[in-house]
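Single-structure report; data block below.
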2 protein chains.
Amino acid sequence: MKIIPLREDVSLKRSIDQGTEKQRQSVVSILQDVKERGDAALRHYTNEFDGVDLPETRVSAQEIEEAYTAVSDETLEIIREAIDNIRDFHERQVQQSWITTKEDGTMLGQKVTPLDAAGVYVPGGRAAYPSSIIMNVVPAQVAGVRRIVMTSPPQKNGKLSDIVLVTANELGVKDIFKTGGAQAVGALAYGTETIDPVDKIVGPGNIFVALAKQLVFGTVDIDMIAGPSEVAVLADRTGKPSYIAADLLSQAEHDPMSSAVLVTDNKELAEKVSEEVTKQLETLPKKDIAKASIDDYGAVYVAETMEQAVEAVNELAAEHLEVHTEDPWAILPQIRHAGAIFLGENSSEPVGDYFAGPNHVLPTNGTARFSSPLNVEDFTKKSSIISYSKEAVKNNGRKIAAFARLEDLEAHARAVEKRMEEYND
Amino acid sequence: MKIIPLREDVSLKRSIDQGTEKQRQSVVSILQDVKERGDAALRHYTNEFDGVDLPETRVSAQEIEEAYTAVSDETLEIIREAIDNIRDFHERQVQQSWITTKEDGTMLGQKVTPLDAAGVYVPGGRAAYPSSIIMNVVPAQVAGVRRIVMTSPPQKNGKLSDIVLVTANELGVKDIFKTGGAQAVGALAYGTETIDPVDKIVGPGNIFVALAKQLVFGTVDIDMIAGPSEVAVLADRTGKPSYIAADLLSQAEHDPMSSAVLVTDNKELAEKVSEEVTKQLETLPKKDIAKASIDDYGAVYVAETMEQAVEAVNELAAEHLEVHTEDPWAILPQIRHAGAIFLGENSSEPVGDYFAGPNHVLPTNGTARFSSPLNVEDFTKKSSIISYSKEAVKNNGRKIAAFARLEDLEAHARAVEKRMEEYND
């Protein structure tokens, strides 16, 4: 790994696929077609892109039952425990509606309401990611969303993967449809004969899915468009090189464009981690991907002080931040920007990917400066509550009318004065 | 007003200005220019669009002092009381960081951190809107944002309006710059020699400002792009026609494209409100705007039952919803979608625009289905906290590694197993 003295300039090299104009045009026309022709369009594109003709897109009870035969008891148990942990964590995020009352009869408040319906996109492709299903479905369920719709592109055999079906069923998701790509996003946003539209679409996908989500945003809400995964490790002389190297590589194996960066005040550690990365890399099955990531997007920054190192990781605002220092909790108050903060040498980043409880859908590409992990709140919205009494209008009406006139809004002033007239009768 | 029997089809006619391709191109080139030339570009565009050459964009202490001489004591008092009310309400929205601990040493949590910096755009033009400054600045301040930057286009005399300066100063905003339009958005997103970049840009503006915000989204966060203002009134036979008509008109005077709709189960009320609207409209100074709005976007829907009427207002998902019924609080649990809910005949919508406390920046265009009023949360972000102990890794490491292998991520599995190896020594 490159070892770089940390001066003022620290940056996490990042790269996001924005799609080409041709891809965008293709997505625009797919969305339009789904809007107009509904299920017929879905069938057409599933045939074209997934190479299978499906007269019926809804997953049947029988398909789910069959999927269970292919999943081991051990796997099933791990998935159930992961769901329990993740549900437990998200239940702590639930917000309450509240009101406040004043003696003049004024009542003000905030009502928290779940979205009516959410759509969860589950990508197809080489590997199945049951953790992604859990992380996207659980916060919606905990929020109280009444209807959760899952869509995923069918395999060549016309089915979804067993582990996807089993995970969805363990979560209690009932509406599962075999459709993927931009067409699935269109179906979730506009609805078809068999798929009712939803209010928000979440879940990862390829560039066509990402573009489609951007295009339907406004008609529905969407989650963030995720860039390649990132980890920053902050370490002092107590950091264990073998742990840190293993964690850097676990990000690097995701994608040749993943970023893995160490920031430390200890030159010796920097060198040892770099050596360990080279050593551990050799034996990885996804060695080529990880090597490309480490070579192109990896770096070890050596700071002169820990203060400087901490400020550097704040500037990076990484998706994942690991803190391998003598007293990691003492660092926590100084961390301003990070999607998830892993404290201490035992808190390897993969712990948070599947099992611990917090969400693994995290802000990438520096957006941790202003964005949060996927959250129960993302599946609720608030409404302000305003209840004014006669007395409150009497006390404040004159001031409200004056404020309205300050903004040249006469009808606003009169609406309040209309009440005051009658009270003076 | 049109009186329409409510069947299945209820809709709030809406219209959003998306901008033309020419406007978009113009904004793209302005943003690029500000990115490259900084202050020089700002000065250029201020000269071009606002017709004034300003070597110095920062508002001086002297300008603020002078502004106070033009604002009456009564106005100042009203503004101070409004700020107090709005601050009091927003302080109730503050969220705490939290952790949860398990006996095996696991600690999980969520850290809430304010954004480092926020930019508030204040439009220029005919009228000044001090309420808009208060509504955008207060939640950022309550969230704990350390740096709040305000920008607004200068008047022909090279200054900002007195009321804008006084309101900003009363709020304690220190960094105020005389620059507007797309160029101001560019300065806030990318920074210039005199304006440091921010993390989030909020505040209303014309189509150029809206397009610029959309284009810088991702580099920084933005608030929602607001459409024309909307009110839906839900009323039964107890509704007072003169109040309801006045409130409908107070929305209608905003913009010819504002929507004002009444939904009631009482035909007599529908007719009386319609008559009152015609009557009250005649005497309004902004009669032409209000009439265009009522004619084009106004409607009275008559439902057969209150249940049907309630479901209709949920479908409308209006920015403002007024409930004029015998027992308005009994309706509240049934309201799923609305930006702000005004309960009872005294809760005229203008009460919430300036003074009561809740935010007046609300979701328009049906986005109340999934969006919330501007909130303290919008100026914070969360980071997950994950601290695993040796014991927690011992207990769960095997399961986490198995889950990682299920997703074909070998380096993830090994990162966890690397810890387990050492524990077994």
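Some notes on this structure:
- Counting only residues at least eight positions apart within a chain, or on another chain, the aspartates and glutamates with an alpha carbon under 17 Å from that of A:Lys159 are A:Glu48, A:Asp50, A:Asp53, A:Glu56, A:Glu63, A:Glu65, A:Glu66, A:Asp175.
- Paramagnetic label zone (point 7 Å from Cα along Cα-to-C-beta, A:Glu74; backbone N under 14 Å) in segment B:381-400: B:397-400
- Overall form of chain A per C-alpha gyration tensor (a/c, 1.5; a/b vs b/c): oblate
- Packing-based exposure ordering (other Cβ within 10 Å, fewest first) of A:Arg147, B:Arg414: A:Arg147, B:Arg414
- Candidate cross-link partners of B:Lys156 among the lysines, defined by an alpha-carbon separation under 21 Å and a same-chain spacing of 8 or more, comprise B:Lys178.
- Legend: ranking of residues B:Thr219, A:Thr69 from fewest to most surrounding C-beta atoms inside 10 Å; resulting order A:Thr69, B:Thr219.
- Inter-copy separations for B:Glu422, label at 7 Å along Cα-Cβ, nm, ascending: 7.4
- Virtual spin-label span in nm between B:Glu282 and B:Gln214, 7 Å along Cα→Cβ: 4.3
- Dipole moment magnitude, nearest 20 debye, chain A about Cα centre, only Lys, Arg, Asp, Glu C-beta charged: 1220
- Annotation: amide H-H contacts under 5 Å for B:Leu160 (H modelled 1.01 Å from N, sequence separation of 5 or more, or interchain): B:Gln155.
- 3J(HN,Hα) from dihedral phi, segment B:62-73, Karplus parametrisation 6.51/-1.76/1.60, rounded to Hz, x for glycine, proline: 5, 4, 5, 4, 4, 4, 4, 5, 9, 10, 5, 4
- Between this copy and the others, label points of A:Gln214 are 1.2 nm apart in ascending order, each placed 7 angstrom from Cα in the Cβ direction.
- Under 5 Å between amide hydrogens, built in the peptide plane, is the criterion, and for B:Ile4 it picks out B:Val300, B:Tyr301, B:Val302 among residues at least 5 positions away or on other chains.
- Available extension along the chain between A:Thr238 and A:His44 is 64.0 nm, counting 0.36 nm per residue and deducting the alpha carbon span.
- Taking every residue in B:256-265 and counting other chain Cβ atoms within 10 Å of its Cβ, the average works out to 0.
- Three-way shape call for segment A:21-222 based on the alpha-carbon gyration tensor, with the a/c threshold at 1.5: oblate
- Distance between the modelled labels on A:Asp84 and A:Glu421, one decimal in nanometres: 6.7 nm (7 Å Cα→Cβ projection).
- Mean Cβ count within 10 Å, highest first, over the residues of peptides A:135-141, A:18-24, A:415-421: A:135-141, A:415-421, A:18-24
- Within segment B:143-238, the GluC sites (Glu not before Pro) that combine a DSSP coil assignment with at most 15 other C-beta atoms in a 10 angstrom radius are B:Glu193.
- Residue pairs, from the table A:Lys35/A:Lys213; A:Lys382/B:Lys287; B:Lys102/B:Lys399; A:Lys200/B:Lys399; B:Lys174/B:Lys200, whose Cα atoms sit over 26 Å apart: A:Lys382/B:Lys287; A:Lys200/B:Lys399
- Span from the segment A:250-310 Cα centroid across to the segment B:336-403 one, whole angstrom: 36
- Of A:Arg237, A:Arg398, A:Arg87, the one that fluctuates the most in a GNM where chain A has Cα springs shorter than 10 Å: A:Arg398
- Number of partner chain Cβ atoms within 10 Å, mean per residue of A:109-117: 5
- Test item: A:362-372 mean partner chain Cβ contacts at 10 Å: 5
- If only the Cβ of Lys and Arg carry +1 and only the Cβ of Asp and Glu carry -1, the dipole of segment B:297-369 around its Cα centre is close to 300 debye.
- Shape of segment A:303-379, Cα gyration tensor, a/c cut at 1.5: oblate
- Hz values of 3J(HN,Hα) by residue in segment A:44-55 - Karplus curve (6.51, -1.76, 1.60), Gly and Pro given as x: 4, 6, 5, 4, 5, 8, 9, x, 8, 9, 10, x
- Most positive-pole-ward Cα, B:Thr305, B:His324, B:Asn266, against dipole of segment B:266-349 from beta carbon charges: B:His324
- Distance from segment B:64-119 to segment A:13-90 (C-alpha centre basis), Å: 41
Values in this text are rule-based calculations from the coordinates and carry no lab data. The structure displayed is predicted, hence computed values, not measured ones. Cβ coordinates were reconstructed from backbone atoms using ideal geometry, including for glycine residues, and neighbour counts include every protein chain displayed.
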